[in-house]
Each structure stands twice: as C-alpha cells, then as structure tokens.
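Down below is the structure, laid out as structure tokens.
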Amino acid sequence: MRTSIATVSISGTLTEKLVAIAAAGFDGVEIFENDLLVCPHSPEEIRARAADLGLGIDLYQPFRDFEAVPAPVLAANLERAGRKFRVMERLGVDLLLVCSNVSPAAIGDDALAAEQLRRLAERAAEHGIRIAYEALAWGRHVNEYLHAWRIVRMADHPNLGTCLDSFHILSRGSDPIGIEAIPGEKIFFLQLADAPLLAMDVLQWSRHYRCFPGQGTLNVTGLVQHVLNAGYTGPLSLEVFNDHFRQADTARTARDGMRSLIALEQTLHGAAHPAVPTGFAFAELADAGSLSGVLDALGFTRTGSHTSKPVELWTQGEARMLLNATGADPALVAIGLDSPDPARAVEHAETLLAPVLPRERAPQDASLDAIAAPDGTALFFCDTAWLGDFGAAEPAGPVPGQITHIDHVALTQPWHHFDEAALFYGSVLGLHPQESLELPDPYGLLRSRAMSTAPASGAGGTSATAGTTEAAEQVRMVLNIAQVGAGGTPWQHVALASDDLLAVARRLRAEHPELLLPIPDNYYDDLEDRHDVDPELRRLGVLYDRDEHGEFLHMYTVTVGRVFFEIVQRVGGYRGYGAVNAPIRLAVQHAGRLKMGQ
C-alpha cells in the first residue's frame, strides 16, 4: 500500500523533514500547516522539492473549528477556507483535513454541521479539492468516528468524506467494527498512531504520547484491517505527536516510522516471522583484561580462542561468553542468537530497515552476519558453525556446572531510542512485549520493558515440569532507560540461569565475597515480614520474588566497567524478572559508584 507520514511526526525544518521522509522510503507526506508557515520557501518551492524527492503531497492539515457555527462565523470561516484552498493549489495538494469543532461557541446541531460542511465541500470542489472530516477525541460535540460519518452522509457531497484516525478512535474505547459500515470510497484518508495506555486527559495523551504502530498498546493492526475490509484504497499515513520524536534525529525517526508500517503490513498479510531466535548462542563483552577473573569466579572455563581474532570463548553449561580483547572498558557489545535459518533472519531484518554491519572475516572464518540494534549492540544470527572458529584451549579450572544457560540480557537504551528499540526487537526478532514499568531510582525513574519469544501471557517462565533445555530455548531481553540526572549510568547486564542458585551463592560467598553486590539488612527485614523465606538468603545476599506462577531467586555481582552479572533461578513457572527488587539493586550500585568516584 502507499505510505505517508505527517511532517509533525518528526523533528527538523520542513525541507529537512522532506529529505528524511523520502530517504526512509515513504511515498507521500502530510504537510502540517505550522511547518509551512515557518518555512522560508514558497509553496511552489516546497511542491517542487517534494516532487524532486519522489514524494506526493497527500494532505494539508489542519483546518479547525469550521462547522456548526452561527452565520457570521460561517462567513468568516468560508473566507478562511478560500485562502487555504489557494495555498493548497500552490502546493499541488487536493485533500484538506477538517477537524471537528472544539470551540465553546460550537452548536450541537448535526443538521447545521452537515449543511455547513456541504457548503465547504462545494467551495472546495471549485478548486478541485476534497474535504476529509475527522472526529477529534475531544471534539465539542463530535468526538466519535461514527458520529462524524453520520454528518458526512447527511451532507451528501462527493467532495466530502471522512478521515479515520486510529488514536481518536481507540483512545476513546470505540469499537472499530463500525468502520466496515462506511463505504470505502467515503473514507478519504487514514491516519495511524499507537500510544501507551495512560490514565490522563485524552488531549494531553494525544499531544505528547502518541507513537508509531507497534510501540504502544493500541490494536492499530485490527483497526486497519476493518478499514481495508470497508474497501479503503488510500495511503497508510502516520500522524504522531510525541515530545521525544520532535527532539530526536530526523532521519532515524522517519526510518523507524517506515519500519512500523512495514511490520504492520506484514502482520496484515499474515506473514509469520521467518526465523524467530530459539536461544542465546553467546554474549560478547569488550574486555581490557578485568572480566576473565569474574567469569572464572562464576565457574566459567576458557574453552577456546578465535583463530583470527583476539577473542576468547568461555563456557559453563549452555552459557557461552566471548571476551573480546579490544582494550576497551568492559561493555556488552554483541549478542549471538541461535537461529533456525540465519540467512532468512538477516533478510527479514533488512526488509525492516535494520542495518547489516560490515565485518572483516578471514577466509576460514564461519559466515556470520550481524545487524545493529538501536543502541549499537551487534546482533548475530547463528547456527553452530561459529563454534568451529575457536580452537581448543586448556580449561581454566573445574566447572561447577551450576550455571546452565543465559536467561536474559538487559540493555540500557538512550532515552530517545526506547520506543524505537521496542519496535525493533518486536518486528526484527519477533519478540513479544510485556508491560512497561517505571521503577524508582535514587536519582529519578528507571523505565523498563521486557520482551521475549514467549507471548506475554506466558513470557518469562516455564512450566513446573519444564526442563533446562526448554528454558534455554527462550530469548528474553529487558530494555531499560534511566530517566535520571546525575545517576543516569548506561549499565548493561547478563543474567545467567542456575539450577541451584543457593549452591552457587554459597560457593561465591565463601571464595569470592568481594564479587557480590552487598544487599542492605533493611531489605531482608522487610522481606521476612512479607514472606516465609529461608534465613540463609540474608547471609548469602540472595534476593527473592514470587508471582502466582512460581518463585524467583537472584543475586548480582558488582559492576565492572558498564557490565554486571545476575544469577537467577526460576522455580516453577515464574514469569517476571524480579522488578520489585530493582530499586534495591540500583541504590546499592549508585552508592558503590559514588564511593569509587566513578
């Protein structure tokens, strides 16, 4: 289908926006009036620039507070409309968006609204222009899409139709099934936006928190299906008001918007993800020499060295860590994902505009392609061939065998990439999002969202009878954004699953107590008041959580560079990530960072 986006959705000047929109692959653009008003170029110049970029101008907007007004106001409104029509002729656009009236002076009379909209459509027809009437969710008298359609039908003019906006419809809880009662040829335009579920005034919700489809909680795909069932053949157009988007990189936001429409169309066509990852092949850490001792203490063994790169393979059970001797401060730089079809996984990622990273490869190296995640982390799609790149090495020591696999990885996102990351991991990797959480941090809030290959109803856990292999065949990612000031540290961590966490904790407490994050006694005083737990948890520094499906034991190492490790044990079908304990961990980490002067 034809794709379009409103210029209000991204940052920059009007000409910068047009360049970014064209580069992202859109077919057309909605020009928001304010973008034109502050532009030094004439409408004719903007028309020519759009044409040079291969963009059609699909809609001009908005025209406000027109209908259901007293006669003197109508006369002034028609004069105002005439001036807009002349601007539109200069721009070469033939569709004007008219929003339902929000003025206190508007009259609640559908017949009057229809009669006045008909007069507007008659004037528009003289200029070869059509009118798309939209019900704003906060309209004075018209705030439901079917109400707007009834007025359009009553007006009965070929140049008057309706504009459907997913946010205005879904934010009010309206049932979109009614869209199928509207003739497709009378749906003149379709605007799409998602949004997180927020308990706030709908106008503020709309003006500040809209996002691209797939980044929020609204069923935008279901609404679009109803619109297509009605016979609509026009463009899918994004109209997003978002404070972060208006501050973010113009080209990047436009590309993210296009990714959302590609993913939406794939879903509409019933296209299943061709190669959902089945587990973690490895986590790769940049290391200046300080992490090998940590892995050794955790029970990992150095089992190989890359034949052509300064990279070591460390293993324990099915958990594999790569240490890349780059000389950089410790950081999580790459994640390997087990894939049933690496080539198709990369191809799918490219269709969703994920950049494939250039790689230097020796002739004998396994063919291993990587894409860049929004935060710069490299994601590799792997079969088992990559293991052949690592020659044998003498074991570093005995392997306790109590860490079984990588449970999840947590990545801190730049504040303006959080929504982009959620869409990226959902569409490119086929992960299912869980509820977004805001957790207290000593310096503000930590926003967090978990995603996994298991649907949200069962994400994050396995059944009470599930074994280690089944648990290892899930991919869980946690995306964080620190909405804090001085304490905003881009920590990353790898969570390692254990089949006997208390045994691991006893060994670490006895042999490497300096490695463990100290947990305040106050935490255990409260924990023991709330739950009947083993007193040994306090001595070992193990944290605890439970849900209706099971229990969760976990502990943390101190941070080295940007990286720390978590060791977890899921008991029964526990589905979470111990989020209730995150404020404890954050407070201790911040205290340690300040003490060390980091």
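The values are calculated or read from the model by the stated rules, or taken from the named source; none is laboratory data. These figures come from a predicted structure and were not determined experimentally. All Cβ positions, even for glycine, are placed from backbone atoms using ideal geometry, and neighbour counts span all protein chains on display. Calculation scope for accessible area: heavy atoms of the full protein, side chains included, ligands and nucleic acids excluded. Shrake-Rupley method; radii C 1.70, N 1.55, O 1.52, S 1.80 Å.
Residues in the range 128-149: is at least one assigned to a helix (DSSP H, G or I), touching a residue at least 40 places away in the same chain (Cβ under 8 Å) and within 40 Å of the chain's Cα centre (by Cα)?
Looking for residues that are assigned to a helix (DSSP H, G or I), touching a residue at least 40 places away in the same chain (Cβ under 8 Å) and within 40 Å of the chain's Cα centre (by Cα), one finds at least one in the range 128-149, hence yes.
If I go through the range 1-24 residue by residue, how many of them are assigned to a helix (DSSP H, G or I) and buried (at least 20 other Cβ atoms within 10 Å of the Cβ)?
First, the residues of the range 1-24 that are assigned to a helix (DSSP H, G or I): 7-9, 14-24.
This time we only want the ones that are buried (at least 20 other Cβ atoms within 10 Å of the Cβ), so: 7-9, 14, 17-18, 20-21, 24.
Total satisfying the criteria: 9.
Inside the range 298-310, can you point out the residues that are of a type outside the set (D, E, K, R), at negative phi and not in a strand (DSSP E or B)?
298, 300, 307, 308, 310
For the range 434-465, name all the residues that are in contact with a Gly (Cβ under 9 Å, 6 or more places away or on another chain) and either modelled with pLDDT of 90 or more or loosely packed, with under 15 Cβ neighbours inside 10 Å (or both).
450, 451, 452, 453, 463, 464
Can you report the number of residues in the range 402-422 which are touching an Asp or Glu at 6+ places or on another chain (Cβ under 7 Å) and open to solvent by 10 Å² or more (accessible area, probe 1.4 Å)? Spell out how you get there, then give the answer.
In the first step, residues of the range 402-422 are kept if they are touching an Asp or Glu at 6+ places or on another chain (Cβ under 7 Å); the result is 402, 404-405, 411, 413-414, 417, 420-421.
If we keep only those that are open to solvent by 10 Å² or more (accessible area, probe 1.4 Å) too, we end up with 402, 404-405, 414, 417, 420.
Within the range 402-422, residues that are touching an Asp or Glu at 6+ places or on another chain (Cβ under 7 Å) and open to solvent by 10 Å² or more (accessible area, probe 1.4 Å) number 6.
Of these, 353, 411, which one is modelled with pLDDT of 95 or more and among the hydrophobic types (A, V, I, L, M, F, W, C)? Steps first, please.
Numbers: 411 fails: modelled with pLDDT of 95 or more.
After applying the criteria, what remains is 353.
From the list 27, 35, exactly one residue is of a type in the set (Asp, Glu), open to solvent by 10 Å² or more (accessible area, probe 1.4 Å), more than 30 Å from residue 154 (Cβ to Cβ) and free of Cβ contacts under 8 Å to residues at least 40 places away in the same chain. Which is it? Quick ask: steps written out before the conclusion?
Working: 27 fails: free of Cβ contacts under 8 Å to residues at least 40 places away in the same chain.
The match here is 35.
Of all residues in the range 561-583 being surrounded by fewer than 19 Cβ atoms within 10 Å (Cβ to Cβ) and over 27 Å from the mean Cα position of the chain (by Cα), which is modelled with the highest pLDDT?
Looking at residues that are surrounded by fewer than 19 Cβ atoms within 10 Å (Cβ to Cβ) and over 27 Å from the mean Cα position of the chain (by Cα), I get 571.
Conditions first: (1) touching a Phe, Trp or Tyr at 6+ places or on another chain (Cβ under 9 Å); (2) more than 30 Å from residue 1 (Cα to Cα); (3) open to solvent by less than 30 Å² (accessible area, probe 1.4 Å). Residue 275 passes all but one, so which condition is the exception?
All conditions are met except number (2).
Counting only residues that are outside any helix (DSSP H, G or I), aliphatic (A, V, I, L, M) and buried (at least 21 other Cβ atoms within 10 Å of the Cβ), how many does the range 70-102 have? Please lay out each step first, then the result.
So in the range 70-102, the residues outside any helix (DSSP H, G or I) come out as 70, 92-102.
This time we only want the ones that are aliphatic (A, V, I, L, M), so: 93, 95-98, 102.
Going one step further and asking which of them are buried (at least 21 other Cβ atoms within 10 Å of the Cβ), we end up with 93, 95-98.
Counting residues in the range 70-102 that are outside any helix (DSSP H, G or I), aliphatic (A, V, I, L, M) and buried (at least 21 other Cβ atoms within 10 Å of the Cβ) gives 5.
Assess whether residue 115 counts as being of a type in the set (Asp, Glu) and either within 32 Å of the chain's Cα centre (by Cα) or in a loop (DSSP other than H, G, I, E, B) (or both). Can you show your working first?
Working: of a type in the set (Asp, Glu): yes; either within 32 Å of the chain's Cα centre (by Cα) or in a loop (DSSP other than H, G, I, E, B) (or both): no.
No; evaluated as a whole, the condition is false for this residue.
For the list (1) more than 15 Å from residue 129 (Cβ to Cβ); (2) part of a helix (DSSP H, G or I); (3) out of contact with any strand residue (DSSP E or B) (no Cβ under 8 Å at 6 or more places or on another chain), I need the number of the one condition that residue 40 fails.
(2)
Would you be able to tell me the number of residues in the range 153-180 that are among the small types (Gly, Ala, Ser) and touching a Phe, Trp or Tyr at 6+ places or on another chain (Cβ under 8 Å)? Walk me through it before giving the result.
First pass over the range 153-180, keeping only residues among the small types (Gly, Ala, Ser): 155, 161, 166, 171, 173-174, 178.
Of the ones still in play, those that are also touching a Phe, Trp or Tyr at 6+ places or on another chain (Cβ under 8 Å) are 161, 171, 174, 178.
So the answer is 4.
If I go through the range 289-318 residue by residue, how many of them are over 16 Å from residue 565 (Cβ atoms), among the small types (Gly, Ala, Ser), in contact (Cβ under 8 Å) with a residue 60 or more places away in the chain and open to solvent by 30 Å² or more (accessible area, probe 1.4 Å)?
2
Tell me which of these residue 221 doesn't satisfy, since it passes every other one: (1) open to solvent by less than 30 Å² (accessible area, probe 1.4 Å); (2) in contact with a Leu (Cβ under 8 Å, 6 or more places away or on another chain); (3) in a helix (DSSP H, G or I).
It fails just one condition, (1).
Can you name every one of the helices (runs of 4 or more DSSP H) wholly within the range 510-598 that holds 2 or more residues which are within 28 Å of residue 434 (Cβ to Cβ)?
Values: elements: 521-530, 536-540, 582-595.
Counting at least 2 such residues, we get 521-530, 582-595.
One line per residue, one yes/no per condition, for (1) aromatic (Phe, Trp, Tyr); (2) over 16 Å from residue 424 (Cα atoms); (3) not in a strand (DSSP E or B):
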{"site": "312", "(1), (2), (3)": "no, yes, no"}
{"site": "315", "(1), (2), (3)": "no, yes, no"}
{"site": "328", "(1), (2), (3)": "no, yes, yes"}
{"site": "333", "(1), (2), (3)": "no, yes, no"}
{"site": "340", "(1), (2), (3)": "no, yes, yes"}
{"site": "343", "(1), (2), (3)": "no, yes, yes"}
{"site": "349", "(1), (2), (3)": "no, no, yes"}
{"site": "358", "(1), (2), (3)": "no, yes, yes"}
{"site": "362", "(1), (2), (3)": "no, yes, yes"}
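If a residue has to be over 14 Å from residue 136 (Cβ atoms) and surrounded by 17 or more Cβ atoms within 10 Å (Cβ to Cβ) to count, how many in the range 197-212 make the cut?
Here the count works out to 3.
Looking only at the range 171-222, which residues are modelled with pLDDT under 95 and of a type in the set (Val, Ile, Thr)?
Listed by number, the residues that qualify are 202, 217.
Before we move on, is residue 176 in contact with a Gly (Cβ under 8 Å, 6 or more places away or on another chain) and either open to solvent by 40 Å² or more (accessible area, probe 1.4 Å) or at positive phi (or both)?
Against the criterion (in contact with a Gly (Cβ under 8 Å, 6 or more places away or on another chain) and either open to solvent by 40 Å² or more (accessible area, probe 1.4 Å) or at positive phi (or both)), residue 176 does not qualify.
Quick check on this structure: which one of 538, 546 is basic (Lys, Arg), surrounded by 15 or more Cβ atoms within 10 Å (Cβ to Cβ), at pLDDT 95 or above and over 21 Å from residue 576 (Cβ atoms)?
On the way: 546 fails: over 21 Å from residue 576 (Cβ atoms).
Only one candidate passes the filter, namely 538.
Return yes or no: is residue 353 among the hydrophobic types (A, V, I, L, M, F, W, C), closer than 23 Å to residue 242 by Cβ, open to solvent by less than 10 Å² (accessible area, probe 1.4 Å) and touching a helix residue (DSSP H, G or I) at 6+ places or on another chain (Cβ under 6 Å)?
Taking the combined requirement at face value, the residue does not satisfy it.
Take the range 229-270 and flag every residue that is out of contact with any helix residue (DSSP H, G or I) (no Cβ under 7 Å at 6 or more places or on another chain) and part of a helix (DSSP H, G or I).
Of everything in the range 229-270, those that are out of contact with any helix residue (DSSP H, G or I) (no Cβ under 7 Å at 6 or more places or on another chain) and part of a helix (DSSP H, G or I) turn out to be 252, 253, 261, 265, 266.
If you go through the range 510-524 one residue at a time, how many are open to solvent by 70 Å² or more (accessible area, probe 1.4 Å) and free of Cβ contacts under 8 Å to residues at least 40 places away in the same chain?
First pass over the range 510-524, keeping only residues open to solvent by 70 Å² or more (accessible area, probe 1.4 Å): 510-511, 514, 518, 521-522.
Now restrict to residues that are free of Cβ contacts under 8 Å to residues at least 40 places away in the same chain: 510, 521-522.
Here the count works out to 3.
For the range 184-196, give me the residue count where each residue is in contact with a strand residue (DSSP E or B) (Cβ under 9 Å, 6 or more places away or on another chain) and either assigned to a helix (DSSP H, G or I) or open to solvent by 10 Å² or more (accessible area, probe 1.4 Å) (or both). Even if it seems obvious, please write down each step before you answer.
Let us first name the residues in the range 184-196 that are in contact with a strand residue (DSSP E or B) (Cβ under 9 Å, 6 or more places away or on another chain), namely 185-196.
Still in the running and either assigned to a helix (DSSP H, G or I) or open to solvent by 10 Å² or more (accessible area, probe 1.4 Å) (or both): 185-186, 188, 196.
Residues that pass the stated criteria total 4.
Residue under question is residue 152, and the condition is that it be surrounded by 15 or more Cβ atoms within 10 Å (Cβ to Cβ) and modelled with pLDDT under 95; does it hold?
Values: surrounded by 15 or more Cβ atoms within 10 Å (Cβ to Cβ): yes; modelled with pLDDT under 95: no.
When the stated conditions are applied, residue 152 does not pass them.
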